Amino acid sequence: MIQSMTGYGKAVAECSDKKITIEIRSLNSKSIDLNTRLPFLYKEKELDIRKVLSEKLQRGKVDFTVNTEATADNKAQQINPEIIKAYINEFKAIVPEATDPELLAIVMRLPDVMAFTCKELDEEEWNIFLKVLYEAIDNLNEFRIAEGKVLEQDFIQRINKIKELLVQVEPFEKERIQTLKDRFTKNLEELSTEYDPNRFEQELIYYLEKLDITEEKVRLKNHCEYFLESLNSNESEGKKLGFICQEIGREINTLGSKSNHSEMQKIVVQMKDELEKVKEQVLNIL
């Protein structure tokens with residue numbers, strides 16, 4: 001079962017005084033590349049969070065964001081009544097006719113009106129955070145699996161197309177051999193010189209053996225079948241699929257260099273086109 005490296009996961013939960021929202025976005029990358037944005041309260045746990053993300057997501061360029069939103073019970077911010085009263089009395093001394101509501105609207109925007117209490121991360125909140133973290137990861141992995149299924153169907157279609165094109169090569173094999181033989185014979189006749197037919201036949205056989213593509217066809221077919229088998233693996237193995245693509249490409253290139261036939265070369269070009277599309281998508285496989 002293959003998985004895409006592209007994905008998005010989000011999870012939300014509430015603890016005693018805040019709502020925690022975690023969002024994870026991932027794109028393709030050769031290794032795990034983490035970018036975390038955390039509120040100050042969770043900074044002390046950044047290494048633990050990175051460890052979990054690395055283990056669960058394995059590969060990809062990952063943007064990890066945590067947002068917290070205070071609830072009605074949040075006591076992190078408290079009004080400082082003494083400071084407010086002092087500000088209002090000073091303003092009244094300057095502008096006696098000013099009303100309390102007017103002054104209060106101004107005072108509430110001044111420094112030190114709100115008192116901040118720094119709270120440490122307790123075990124209960126950390127456990128809630130971990131629960132949200134794992135839920136967001138699960139949601140992202142579900143997204144990756146769904147994307148992987150779409151890619152898998154595309155891979156199957158294109159690899160099977162390469163196998164079909166390989167079958168289309170066969171009718172031209174004997175034709176190209178006869179064409180080469182006729183061409184060499186004609187060239188020798190045009191030279192108006194005598195030659196040993198037996199020696200010519202030996203040299204021709206030696207030359208045609210070098211152009212034989214039987215082994216390349218067998219290896220190409222086997223590589224294609226191995227690629228399709230690997231799609232059904234329990235693990236998503238993008239790097240392995242990339243290596244198989246390299247082997248497929250090597251055999252296709254050899255077919256092209258040995259073809260010596262215009263129609264065969266056209267088929268090889270079509271194979272290369274299908275393989276390039278596969279290789280592009282394999283880069284996005286976990």
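The values are calculated or read from the model by the stated rules, or taken from the named source; none is laboratory data. Bear in mind the structure is a predicted one, so any value in this text is a computation, not a measurement. Note: ideal-geometry Cβ built from the backbone for every residue, glycine included; neighbour counts use all protein chains shown.
Here are the numbers for this structure:
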item: Residue satisfying all of: in the stretch 247-286; within 11 Å of residue 213 (Cβ to Cβ) and not in a helix (DSSP H, G or I); modelled with the highest pLDDT among these; result: 261
item: Every residue from the stretch 123-182 that is of a type in the set (D, E, K, R) and in contact with a Ser or Thr (Cβ under 6 Å, 6 or more places away or on another chain); result: 144, 147
item: Identity of the residue in the stretch 238-251, in contact (Cβ under 8 Å) with a residue 60 or more places away in the chain and closer than 19 Å to residue 161 by Cβ, that ends up nearest to the chain's Cα centre (by Cα); result: 241
item: Residue that is touching a residue at least 40 places away in the same chain (Cβ under 8 Å), surrounded by fewer than 15 Cβ atoms within 10 Å (Cβ to Cβ) and under 29 Å from the mean Cα position of the chain (by Cα), where the choices are 35, 67; result: 67
item: Those residues of the stretch 15-28 which are surrounded by 14 or more Cβ atoms within 10 Å (Cβ to Cβ) and either assigned by TED's automatic domain parsing to the domain that holds residue 155 or not basic (Lys, Arg) (or both), in sequence order; result: 15, 17, 20, 21, 22, 23, 24, 26, 27, 28
item: Near pairs, Cβ below 9 angstrom, 6+ apart or cross-chain, from the stretch 263-276 (over 14 Å from residue 170 (Cβ atoms)) to any residue that is of a type in the set (Ser, Thr, Tyr); result: 265/259
item: Search result, residues across the stretch 95-130 that are charged (D, E, K, R) and either at pLDDT below 75 or surrounded by 15 or more Cβ atoms within 10 Å (Cβ to Cβ) (or both); result: 112, 119, 125
